[in-house]
Every structure is written in structure tokens, then in C-alpha cells.
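What follows is one structure encoded as C-alpha cells, with my remarks underneath.
The values are calculated or read from the model by the stated rules, or taken from the named source; none is laboratory data. Small disclaimer: the values here were computed from a predicted structure and weren't measured. Here Cβ is always computed from backbone atoms with ideal geometry, including for glycine, and neighbour counts include all displayed protein chains. To get the accessible areas, we keep the full protein, side chains included, count just its heavy atoms, and leave off ligands, DNA and RNA. Shrake-Rupley method; radii C 1.70, N 1.55, O 1.52, S 1.80 Å.
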Amino acid sequence: MTSHMTTAVQPVSGDVRSACALASGACSGRDPGGGFAPLTDRFGRRHTYLRISLTDRCNLRCRYCMPAEGIPYRPRAELLSFEEITRVVRLGARMGIRKLRLTGGEPTMRAELPELVATLSAIEGLDSIGLTTNGLMLERLAVPMRGAGLTHLNVSLDTLRPERFERMTRRPGLQRVLAGIEAGLAAGFEAIKLNTVVIAGENDDELEAFAKLAIERPLHVRFIEYMPFRGNGWSAAHMLPSGELLARLRRRWPLQPSGEDGPHAVVRSYRAPGFAGSIGFISSMTEHFCDGCNRIRLTADGAVKSCLFQAAEVSLRDAMRSGADDAELALLMHRALSGKWARHPSAEQLVDGQGRAMTQIGG
Ligand code: SAM
Ligand code: SF4
């Protein structure tokens, strides 16, 4: 089998077989019963959640996500086809993947998305399929996506003010996103989550406005700490720790832990009497949640990444296109996982990172 490690990034150390043995106790990627070994890393973390970036393209240009100089989009032929994605998911399900999330770039920029969701939702073993979207196309897509079997919907929205939306995303569109959220609720998605990146001096004066949204509508607003990625202008001064945001909101509402977060949840959720939804905090920078990490990622061009922040990756696309069988792909997935960090470095250490931009990895 040829090597499918990309060369420009830090390699996973060690021999494939010993690394795999370290990661799973099964050096061939197979379990003793002849099935595929579960995706367990060397710290005993079992990976059951696959996040798939469908494209590196986007119809917005969020300042905190896209570098100012833009992203050189990969040629279409370099992205995984729907058939290739389906093959990886089918194999992943046999290795214990139970939960999928489709993300990007902007995943709704892939045509025929409902057809992909319908195909994926028929795969045995999966419990849920979620979508993370900027919401611009949701008004049209909410009903077909629900019908195709999408179970969870996350919409990213950082401001409720049109001019600010245009400044933060470098494009107009707030009304379309709000209409998309309403369409999602009308289509019957329960517990729609709003992802709101909080940036000091940019949108931190809207915390209360977002909280009011969670009072009035059954929406789960999650405030996300601003993370550093290549070329995204991050500085410590712009990052607001979740603890400060919670303290500020508690001056107004008696927020208490909602008790609804699962063991692998990256969010800490709170409610107060009268809230139709909830408020949550994703504190990737001040309070990492790596110990319970069960996530593995597939980039739009078919690389497996074991961590959002880790540069090492293994190309399944190259392997598939050079005729690898499922056993070889399984081995490569174990190999990608074998070098996974116990936890990611601090924000200050990450800020000079040379990895991909967020929109190329898939958030
Ligand atoms: N385009 C889709 C969207 O915006 O929802 C999916 C991809 S986007 C990269 C996924 C998530 O990453 C979004 O919720 C976005 O707000 C978040 N994100 C992007 N850059 C970030 C950063 N620097 N810090 C924290 N979250 C970020
Ligand atoms: Fe596009 Fe999502 Fe990144 Fe904004 S956060 S530029 S919508 S990929």
C-alpha cells in the first residue's frame, strides 16, 4: 500500500502497525472477530462522532474564519465525491461512528445536499446526522433536509444587527438567516442551536439580545470563545472567556445548569425560568474539553484529522483513488488517530499555527 500521509504537515509518528496497536489494540485495524476495530486512541478515548466538511467554499467571508487574503479554493476534482463520502461513512459506522455532522466551508453550497443526507441516513448504525450552516440557504432547504433525515440543525449567527452582520461576514444577509431559522423551526427541527462567536468590541454588546431570543423562541444559543486560526486576526484582547459572559448574564437572569449536556458535550448549558430555549458556552480556549473528546474529522478533500487544531492528517481520498480496500482505509483511520494529542495547546500557543484555516478544516 502506498503512503497517504500528506507531506506538508507534521507526520503521525511511528510505524503504522505499532501506532494502530497503540490506538486500538488491533494492529490490522480489524478486531479479533474479523470486524473493524473501534476508533479508540492511545488515551482510551473512543471516537463515535465524525464531522465531515463537504466543501471549503463559502458564500460568506466571516472575518474570524476566513483570512483577509481569502482562501485558494481546491479544484472540484480534489473534493470527495458523495460516493466517496458515503463509503467513508459506511466504514466509519462499522468502526463505531454513531453521530455525523456535515459542515464546511458552507455545506449548503454542495448541490444535491438532501440526496446526500438521504443516502447517509440509510446507513445502518448511525443515530444522528446534524448540519452546521450559516443559514443563508435554509429557507429553501429546511423542509427537504428534514424529509431526507437530517436530525439536528446548528445555525451560525453572531449579530442581530444588519449593518454589523455585513461588517462581520463581509456580505449582507441577516434577514435571510433569520428567515432560515424560522423555516427550520417550522420544518419541525427541535432544539435548533445558534452558534455565536463572541468578539470583544465587535458583538459583545449583544449578549442580552441573544439571551432574549432564547427566552422567546425554543433556540439554544451557544456563545463560542473566539479561537485563533491562521490569518484570522485573533488576539487575546479580543477573546472573552465564557466565565465572564456567564457572570454578566447572571446579573440579569438566574441561570442554572440545565443538566441536559451529555458526557461528550462541548457546551455547558444553562436555563432560567421563562426560557423557551437555553444559553450555552463553548469554552474551547479557557476550559478545554479534550478529556471527553469523541470527535474525528474528515476534510472536504478527504483527509482525516484527529483534532481541529492538530496539523497532522491522513488522506483517505488518495487511498480510495488508488484502489485501497476497506481494510486499508480502516488502518489509515487508526493511523490518523494514533497521534492524537491528549489535549490541544493554549490559545497563545495556537496563534502562530501553520495549519489550515478554519473554513478549510470544517468547524
Ligand atoms: N459555514 C458554516 C457555519 O458558519 O456554520 C459551517 C462552517 S463554520 C467554519 C463552523 C463554525 O465554526 C461556525 O459556527 C463558526 O462560527 C465557527 N467558527 C469559525 N471560526 C471561528 C473562530 N475563529 N472561533 C470560534 N468559532 C469559529
Ligand atoms: Fe463561511 Fe461559516 Fe466560515 Fe462564516 S464561519 S466564513 S459562514 S465557513
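All but one of (1) open to solvent by 30 Å² or more (accessible area, probe 1.4 Å); (2) in contact with a Ser or Thr (Cβ under 9 Å, 6 or more places away or on another chain); (3) hydrophobic (A, V, I, L, M, F, W, C) hold for LEU213; which doesn't?
Among (1) open to solvent by 30 Å² or more (accessible area, probe 1.4 Å); (2) in contact with a Ser or Thr (Cβ under 9 Å, 6 or more places away or on another chain); (3) hydrophobic (A, V, I, L, M, F, W, C), the lone unmet condition for LEU213 is (2).
Checking the conditions here, which among ARG61, ARG98 is open to solvent by 30 Å² or more (accessible area, probe 1.4 Å), modelled with pLDDT of 95 or more and not polar (S, T, N, Q)?
Answer to the selection: ARG98.
Given the conditions (1) in a helix (DSSP H, G or I); (2) farther than 13 Å from ILE279 by Cα; (3) within 15 Å of ligand 1 (Cβ to nearest atom), report the number of the one that LEU153 does not fulfil.
(1)
What helices (runs of 4 or more DSSP H) completely inside region 259-363 contain at least 1 residues that are modelled with pLDDT of 95 or more?
Output list reads 316-321, 326-338.
Return a yes/no flag: does region 170-193 have any residue that is within 21 Å of the chain's Cα centre (by Cα), under 19 Å from SER53 (Cα atoms), within 16 Å of ligand 2 (Cβ to nearest atom) and assigned to a loop (DSSP other than H, G, I, E, B).
The answer is no; no qualifying residue exists.
When you scan region 26-140 for strands (runs of 3 or more DSSP E) that lie fully inside it, which ones turn up with 1 or more residues that are of a type in the set (D, E, K, R) and within 16 Å of ligand 2 (Cβ to nearest atom)?
Per the criteria, 49-53, 99-103.
Which members of region 70-104 meet the condition of being within 16 Å of ligand 1 (Cβ to nearest atom) and more than 16 Å from ILE296 (Cβ to Cβ)?
Within region 70-104, GLY70, ILE71, TYR73, ARG74, LEU79, GLY104 qualify.
So if I check each of VAL221, VAL197, which one is among the aliphatic types (A, V, I, L, M), within 14 Å of ligand 2 (Cβ to nearest atom) and either surrounded by 21 or more Cβ atoms within 10 Å (Cβ to Cβ) or modelled with pLDDT of 95 or more (or both)?
VAL197
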